[in-house]
Structure formats: C-alpha cells, structure tokens
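Heads up, the thing below is written out as structure tokens.
The values are calculated or read from the model by the stated rules, or taken from the named source; none is laboratory data. Just so we're clear, the structure is a prediction, and the values are computed from it rather than from any experiment. Cβ: placed from backbone, ideal geometry, glycine included. Neighbour counts: every protein chain shown.
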Ligand SMILES: Cc1cc2nc3c(=O)[nH]c(=O)nc-3n(C[C@H](O)[C@H](O)[C@H](O)COP(=O)(O)OP(=O)(O)OC[C@H]3O[C@@H](n4cnc5c(N)ncnc54)[C@H](O)[C@@H]3O)c2cc1C
C-alpha cells in the first residue's frame, strides 16, 4: 500500500478490531458502536454471577497466540480438559457422538454403528459430496446422521444441512476411524478428538479478562458509542454524523452486509452479492443457579428436536469464579429462531430439559434466567457463499477496505483466528511490530 493521507480507521472493537489496533500500535482511530469494547468477548455480571455470550473457551493452536496470551494474561489462564457430552435418548454420552455410541439404547447404537460400517465398506464415490447432508451420510452413515448430525446441525444453523456446503466443516467435525468408533460403541474410550479437546479460560472475570488485557495496551484513539453513517469511497472518508474522517485504509470488523450498506456508489453485482449472505441469529439464556449444578460437564450438545435448546454449558464448572459460592452459572442456546414462545412456557420447557440432562435437580434451583439475543451468530455456508464472499472481499480490498474477523470477513472462526487476523492485517498495512509488545 502506498502512503496515503489519513489514519487507519478500524470499525468495531471486538477482538479483531482490538488486535488490529494493538498490532498497529498507533496511527489509527477505532470506532465502536457500543459503550464497552470486546464485541462477543464480553462478560456480563449480575448478582455475582458471570456470563459470557455463551461458551467462549480459548483454543490456542498457534505458537504466536500462546506467547501473546502468556504476555497478556500471565498465570491467569487455566488449562482445562474438556468435559463435553451429548444428551439424547434420555442419556448423556461422551462427545463426539460418532465415536462414543456406548450408553445409547442398544437399538440406536446398533443402527448408528451398522450405518457407519456400511458407509466405510462401500466403494468410495467418485464425486465430492454436494452438501453437508451428503458429507455426513458418507462419513458417518445413515444412523449417526439421523440421530445426531442432521438434527443437531439443523438446530444450530436453523437450516437443513442440505442447504450448507460440505467444505466449511472439515476443521470442526471429527471423523473417527472405524476402529475407534467400534471401541467407543462397546464402552472402551477412544482417544479424545476434535479441535477443542482442551481449552484455556481466565481464572477470574470471564472471557472479558482477555479483552481488558488487550484494551489496557492500546495507545491510539478509540471512540465508543460511535458508528459511521456512511463511507465516501471517492473522497476516502468515513462519515460520522457531520464529521468526515479521512482514511488511509479501513479495517472493518462490522458485519459484511452492514459494511456494504455504508458504502456509496456500490455497483449492482456487489449489492446482489451482499444480499446473498445469510446468517442465523441466536437467542440464549443466562441462567443463575441457587445450588451447584448437579452435572460436572462443561457443555452438552442436544440434537433432539423435543428440547428447545441445542447446547447448554456450565461456566462455573470451568471457573468457579463465574458464580458465587454455592451457585452455578449456565448458558442455554435456544433453537427457535422465530418469534419466541411466551416466557413462562419457554422457561418451563428449558427447566424440564435441564433437569433431564442433570444440570438442575428441580426447577426452583433456577434463581433467574435472562434472555439475550445475538443478531449475527452463525454464518451459513450455503451454495452462494464462496462466490459472493469472494466478490465482496475483492471489491472492498481494491478500495483499501479490509473486511476482517468473524462477521467482517463473514466466516466461522474462533477468538484465536480473530486475534491473528488483526495481527495479519496490521502487518499488511505495514506498521505492525515484529513481535508481541508488552
Ligand atoms: C455463540 C457463539 C459462541 C462462540 N464460542 C466461541 C468459543 O468457545 N471459542 C472461540 O474461540 N470463539 C467462539 N466464538 C467466536 C468468537 O466470539 C468470535 O470469533 C470473535 O469474538 C469475533 O470477534 P470480532 O471482533 O470479529 O467480531 P465481534 O465480536 O462481533 O466484534 C465486532 C464489533 O463491531 C461492533 N460494531 C458492529 N457494528 C458496528 C458499527 N456499525 N459501527 C461501529 N461498531 C460496530 C460491535 O459492537 C462489536 O463490538 C463464538 C461465537 C458465537 C457467536
């Protein structure tokens, strides 16, 4: 990038924006709509109970990230071995479902295992799977697809896996060997698998402790409760009300369709591509318990349609500081995307499910349950996704607008990915430090 007038303007102060600012060190202006920085990496507190925006566990794979985390939070991150379970057919089984059929009703376990054997012993199809449903059927067989993969992913994404491409999932969906699956079906424990076998979590303060550590090290200008009204691409100015802010580059971590909506003179094909982007919203409950949770898991996956949630997690099982002594703090991710059912009915259904899954002993263990909503939660990798995002990213970068982060880049990623994306874009803009600064 050649030298240009103006600063780097960073839109959004979630982890991607904060990491960009941290790695740029100076010469930037960060605009954040909310009154507090952190985006999804914020922790809410009420009556001594703490809640992240559902489970925010740190899975660090990258050596630079480990080094940075040590510097940002020395001795504050506790390694935790994952205790993840699947709750279906009235029982809790080990995660991942496909490798741990033991404990399910024998007929279900047999159906799943026979399906897996059938697909693994069939001749390999010549063509790649056309969608995520076909991917599941090929890799896991009919039974596992029916009892877990299809219903769980339908609840998670709010669309049928047939509408989702096969490509997105490779990193996140563990494929056991047939031998491991057989061992897991007869009760021998196969090795833990998946990208999240263990995680790190702050001993105190929830995931926002990480955010605060980054914020404390920022040296440039940050404006809260500020959002752009438009972006003048020709004059290279971000407009905020009556103010025009010249930029050398914009790093945008706000949702990609929103960014396109801010730009002027957008050609028709770019607008059409933005209209094709799909994302699910998510409603979840922050649940405070008067008693310690009856279950010891960190989170469970819940595929069956009869339960109103698809995932439940217990923060206080990972860090006792997340709840007052003798209590528990829990998140419940709800499957319903339409109008919410009446609150009393919803809470009754949730309490019933939590009791069945062993989280509570009786409904009055619940001290309070607060409903929250995330407008952009899971990007849908449908059949338009790759062409549309490619076109949009290219069009924006040609104009020195760099879309980054989970919703900026429009992808499925983790906090680690976002912090690395911030570092990389800062490097790209030519101002990053060689290594992490204290
Ligand atoms: C339900 C759920 C569970 C997750 N669990 C995990 C997990 O266990 N582990 C993990 O590593 N990752 C997890 N993630 C992913 C993680 O939250 C994200 O990858 C990361 O926090 C995204 O950071 P970001 O900065 O890209 O986006 P965001 O956090 O969305 O930040 C964007 C920021 O932009 C601001 N903004 C939006 N519009 C405007 C505007 N017009 N003007 C100014 N500011 C604006 C927002 O207020 C926000 O602060 C989870 C995500 C979700 C949704």
Exactly one of 231, 207 is farther than 30 Å from residue 82 by Cβ and surrounded by 13 or more Cβ atoms within 10 Å (Cβ to Cβ), and that one is 231
Residues that are in a loop (DSSP other than H, G, I, E, B) and under 24 Å from residue 424 (Cα atoms), drawn from segment 37-55 = 37, 39, 40, 41, 42
Restricting the first residue to segment 255-269 and requiring it to be closer than 14 Å to residue 393 by Cα and assigned by TED's automatic domain parsing to the domain that holds residue 398, which pairs with a second residue that is part of a loop (DSSP other than H, G, I, E, B) and more than 9 Å from the ligand (Cβ to nearest atom) meet a Cβ separation below 7 Å and a spacing of at least six or different chains?
-> 256/277; 256/410; 257/277; 260/266; 263/233
Residues in segment 57-64: is at least one under 19 Å from residue 284 (Cα atoms), in a loop (DSSP other than H, G, I, E, B) and within 6 Å of the ligand (Cβ to nearest atom)?
-> yes
Considering segment 356-370 alone, what residues qualify as being in contact with a helix residue (DSSP H, G or I) (Cβ under 9 Å, 6 or more places away or on another chain) and surrounded by 16 or more Cβ atoms within 10 Å (Cβ to Cβ)?
-> 359, 360, 365, 366, 369
Spot the failing condition for residue 83; the list is (1) over 29 Å from residue 201 (Cβ atoms); (2) touching a residue at least 24 places away in the same chain (Cβ under 8 Å); (3) touching a strand residue (DSSP E or B) at 6+ places or on another chain (Cβ under 9 Å), and only one is missed.
-> (1)
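I'm trying to understand the selection: among the residues of segment 281-296, which are in contact (Cβ under 8 Å) with a residue 60 or more places away in the chain and away from the ligand (no atom under 15 Å from the Cβ)? Full working, then the answer.
Residues of segment 281-296 that are in contact (Cβ under 8 Å) with a residue 60 or more places away in the chain, as a first pass: 281-291, 293-296.
Of everything in segment 281-296, those that are in contact (Cβ under 8 Å) with a residue 60 or more places away in the chain and away from the ligand (no atom under 15 Å from the Cβ) turn out to be 287, 288, 289, 290, 291, 293, 294, 295, 296.
One line per residue, one yes/no per condition, for (1) surrounded by 15 or more Cβ atoms within 10 Å (Cβ to Cβ); (2) assigned by TED's automatic domain parsing to the domain that holds residue 286; (3) touching a residue at least 24 places away in the same chain (Cβ under 8 Å):
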position: 302; (1), (2), (3): yes, yes, yes
position: 308; (1), (2), (3): yes, yes, yes
position: 317; (1), (2), (3): yes, yes, yes
position: 334; (1), (2), (3): yes, yes, yes
position: 344; (1), (2), (3): no, yes, no
position: 350; (1), (2), (3): yes, yes, yes
position: 387; (1), (2), (3): no, no, yes
position: 404; (1), (2), (3): yes, no, yes
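For segment 7-32, give me each residue that is near the ligand (Cβ under 10 Å from one of its atoms) and assigned to a helix (DSSP H, G or I). Reasoning before the result, please.
Step one: filter segment 7-32 for residues near the ligand (Cβ under 10 Å from one of its atoms), giving 10-20, 30-32.
Answer for segment 7-32, where residues must be near the ligand (Cβ under 10 Å from one of its atoms) and assigned to a helix (DSSP H, G or I): 15, 16, 17, 18, 19, 20.
Which strands (runs of 3 or more DSSP E) sit wholly inside segment 187-251 and have at least 3 residues that are under 21 Å from residue 298 (Cα atoms) and in contact (Cβ under 8 Å) with a residue 40 or more places away in the chain? Show your work before the answer.
Details: elements: 198-202, 221-223, 230-232, 237-240.
In segment 187-251, 198-202 are the strands (runs of 3 or more DSSP E) which contain 3 or more residues that are under 21 Å from residue 298 (Cα atoms) and in contact (Cβ under 8 Å) with a residue 40 or more places away in the chain.
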Tally time: how many residues in segment 76-126 are surrounded by fewer than 16 Cβ atoms within 10 Å (Cβ to Cβ), farther than 22 Å from residue 358 by Cα and under 27 Å from the mean Cα position of the chain (by Cα)?
-> 2
Any residue at all in segment 409-419 that is within 30 Å of residue 339 (Cβ to Cβ), within 16 Å of the ligand (Cβ to nearest atom), in the same structural domain as residue 248 (by TED's automatic domain parsing) and surrounded by 21 or more Cβ atoms within 10 Å (Cβ to Cβ)?
-> yes
Every residue from segment 33-50 that is in contact with a helix residue (DSSP H, G or I) (Cβ under 7 Å, 6 or more places away or on another chain) and within 14 Å of the ligand (Cβ to nearest atom) = 37, 38, 39, 41, 42, 43
